[in-house]
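Here is the structure we will look at, set down as structure tokens.
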Amino acid sequence: MTFPSFNNTPDINQSARIQNPQPFGYDRFFGGKLDALKTAGAYRTFAKLSRVAGEWPRVMLHDDVRPRLVTSWCSNDYLGMGRHPVVMDAMAEVAKAQAAGAGGTRNIAGTHQVHTALEAELAELHGKDAALLFTSGYLANLGALTTLATKIPNCVVFSDEKNHASMIAGIRAARVEKHVFRHNDIAHLEDLLKKQPLSRPKVIAFESVYSMDGTIGDLKAISALAKRYGALTYLDEVHAVGLYGTNGGGISEATGLAHEIDIIQGTLAKAFGVVGGYVAASAQTVDFLRSFSGEFIFTTSLPPPVVAAAIAAVKHVRETQSLRTQLHGNVAKVKTALIAAGLPVMDNSSHIVPVLVGNATRVKAISDRLLQIHDIYVQPINAPTVAVGTERLRITPGPFHTDTMIDHLVATLRDCFQHVKA
């Protein structure tokens, strides 16, 4: 048998190499992109922090010049459950009795008893038949939305323009027809729905609390439209679970509309203080996602100690209305004080307190001054998280911020706005 010779194969890249004899400069390219971010004031730096049990909402800043405790005003651990003894004890107990990790995917390594226990707890929280755990809220949105949109034949997706990046990623990954409706604009959504045949499968994806503006989705109106036009409703409750409703079931529980929503997505990483994401829905829907979502099937499952901690957190939050009462009381105090001080608070009816700055360089400078001079940690929010020109500080009061801390925050913010000019 003879084999073709490759020695005389024409070099189709020869002329290109002669014109451009150097290989692509990867580091030069990366550096240029990073320099552009720095010039625009959008380059992100991370504060070196560690949490200290018993000190929350103060955290340890590992500053090379002056390591010290500072007050955090931007954590998504809204209720401080990440440092609660009942949560930490549950995690430690299961870590010692079982193992630090799950050992693989649930398909390969099996489902631990704590996984099914947590899923049952979450299903009950939302009044649904079943729930399915993912390793993060991001993956829950990515996996659920991609699977729904690709597996349901001829599906079309309707997405609020301010949906989280994970929802957008899931919809884009599906590569199906999609329509973006103006934020909370029910008339616009209906105009888009009207153009589709009633028989065509549809998914309406939206949020309950939009984390950067603090606005609240119109669950009642969207649910009514979904019924009228034959659509599934997919609700991201990530920034609402634990914080609203008698049991902490989110805006859907608080408004009595959980039964109207087909699929509720949530997280264990915010009000519950641990990590992980989930969806809650009918038994058929959950089994469908369990069977077809690659993001679930091919990802190592949550470690049993983390799941045990989440179970403890969910149970405690469901039973402890006082945490929600204290949080919302402090939110009202902060909003009132900031407005009285003449600071540009973005109006909303949720627990998110955005203070508009409108310039990337200025918001970073204000954040730096708060931390370096006043021992207050509030991370700047800039593009691409929010649109250019709407840069802001996103303040999240919790139940353990004191009146003294609130007074200090308001006074120092006023100082920073006066000293750091646009």
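The values are calculated or read from the model by the stated rules, or taken from the named source; none is laboratory data. Here the structure is a predicted model, which means the values were calculated and not measured. When we count neighbours, we look across all protein chains shown, and the Cβ atoms used for this are built from the backbone with ideal geometry, even at glycine. Just the protein is used for accessible areas: all its heavy atoms, side chains included, with ligands, DNA and RNA removed. Shrake-Rupley method; radii C 1.70, N 1.55, O 1.52, S 1.80 Å.
When all alpha-carbon pairs of the chain are counted, what percent fall beyond 27 Å? It works out to 58 percent of all Cα pairs.
Protein heavy-atom accessible surface, 1.4 Å probe, per residue over the range 121-276: 35 Å².
Hey, which of these cross-link pairs are over 30 Å Cα-Cα: LYS162/LYS270; LYS38/LYS178; LYS227/LYS333; LYS48/LYS178; LYS151/LYS194? Let's see the in-between values first.
Numbers: LYS162/LYS270 19 Å; LYS38/LYS178 34 Å; LYS227/LYS333 39 Å; LYS48/LYS178 40 Å; LYS151/LYS194 23 Å.
In this structure, LYS38/LYS178; LYS227/LYS333; LYS48/LYS178 exceed 30 Å between Cα atoms.
Accessible area per residue (1.4 Å probe, heavy atoms of protein chains only) ranks GLU207, GLU260 as GLU260, GLU207, with the largest value leading. Label separation (HIS62 vs HIS259): 5.1 nm, computed from points 7 Å beyond Cα along the C-beta direction. Computed over Cα pairs, the Kirkwood radius of the range 267-382 leads via Stokes-Einstein (0.692 mPa s, 37 °C) to a diffusion coefficient of 181 µm² per second. Take every Cα pair under 8 Å whose residues are at least 6 apart in sequence, average their separation, divide by the length of the range 28-157, and the relative contact order is 8 percent.
Site pair GLN98 and ALA169 shows an inter-label distance of 2.6 nm when each label is modelled 7 Å from Cα along Cα→Cβ.
The residues packed around PRO57, meaning those with a beta-carbon under 10 Å from its beta-carbon, carry a net charge of +1 if Lys and Arg are +1 and Asp and Glu are -1. All alpha carbon pair distances within the range 340-422 were sorted into 10 Å bins beginning at 0; the resulting P(r) in whole percents reads 18, 55, 27, 1.
Contact order, relative form, for the range 230-351: 20 percent (alpha carbon pairs under 8 Å, 6 or more residues apart, mean separation divided by residue count).
Output needed for the range 165-216: three equivalent-ellipsoid semi-axes, defined as square roots of 5 times the C-alpha gyration tensor eigenvalues, in descending order, whole Å. Display every interim value, and only then the final one.
Working: eigenvalues 87, 52, 13 Å².
Largest first, the range 165-216 gives 21, 16, 8 Å.
Given a cut-off of under 8 Å on Cα pairs at least six residues apart, what relative contact order in percent is computed for the chain? Here the relative contact order equals 20 percent. Take the Cα of HIS328, go 7 Å toward its beta carbon, and the backbone nitrogen atoms of the range 342-381 under 14 Å from that spot belong to 349-352.
The modelled label-to-label distance between ALA40 and THR105, using points 7 Å beyond Cα along the C-beta direction, is 3.7 nm. Using the 1.4 Å probe convention, the accessible area of the range 334-422 works out to 42 Å² per residue with neighbouring protein chains retained.
Treating each Cα of the range 209-327 as an identical point scatterer and summing with the Debye formula, the log10 of I(q)/I(0) at q = 0.14, 0.20, 0.21 Å⁻¹ comes to -0.66, -1.23, -1.30. Only protein heavy atoms count here; on that basis, with a 1.4 Å probe, LYS48 has an accessible area of about 130 Å².
In this view, the solvent-accessible surface of MET60, computed with a 1.4 Å probe and all protein chains in place, comes to about 50 Å².
In this calculation the C-beta distance from ASP129 to LYS227 is compared with R0 = 22 Å, giving a FRET efficiency of 0.70.
Under a Cβ-Cβ cut-off of 12 Å, what is the net charge of the residues other than ASN154 that fall near it, where Lys and Arg count +1 and Asp and Glu count -1? Write down the numbers at each step before the final one.
Working: positive: LYS151, ARG200, LYS202; negative: GLU177.
Local net charge: +2.
Roughly to the nearest percent, how much of the accessible area of the chain is carbon and sulfur, given a 1.4 Å probe? Can you show the working numbers first?
Values: 11130 of 19990 Å².
That share works out to 56 percent.
When the surface is traced with a 1.4 Å probe over the full set of protein chains, GLU93 keeps roughly 130 Å² accessible. Within the chain, the selection of entire DSSP H helices by a Cα span of 27 Å or greater along the long axis and an average Kyte-Doolittle value of at least -0.5 returns 321-340. Within the range 108-140, find all residues whose amide N lies under 15 Å from a label point positioned 7 Å from the Cα of GLU319 along Cα-to-beta-carbon. In the range 108-140, the label zone of GLU319 (backbone N under 15 Å from the point 7 Å along Cα→Cβ) covers 121.
Which value in Å does the Kirkwood hydrodynamic radius of the range 96-218 take, with 1/r averaged over all unlike C-alpha pairs and then inverted? Provide the component values of the computation, followed by the final result.
Details: mean 1/r = 0.0601 Å⁻¹.
Result for the range 96-218, one decimal place: 16.6 Å.
Taking Lys and Arg as +1 and Asp and Glu as -1, the other residues whose beta-carbon sits under 13 Å from that of VAL180 total -1.
Multiplying the residue separation of ASP375 and PHE298 by 0.36 nm and removing their Cα-Cα distance gives an extension gain of 23.4 nm.
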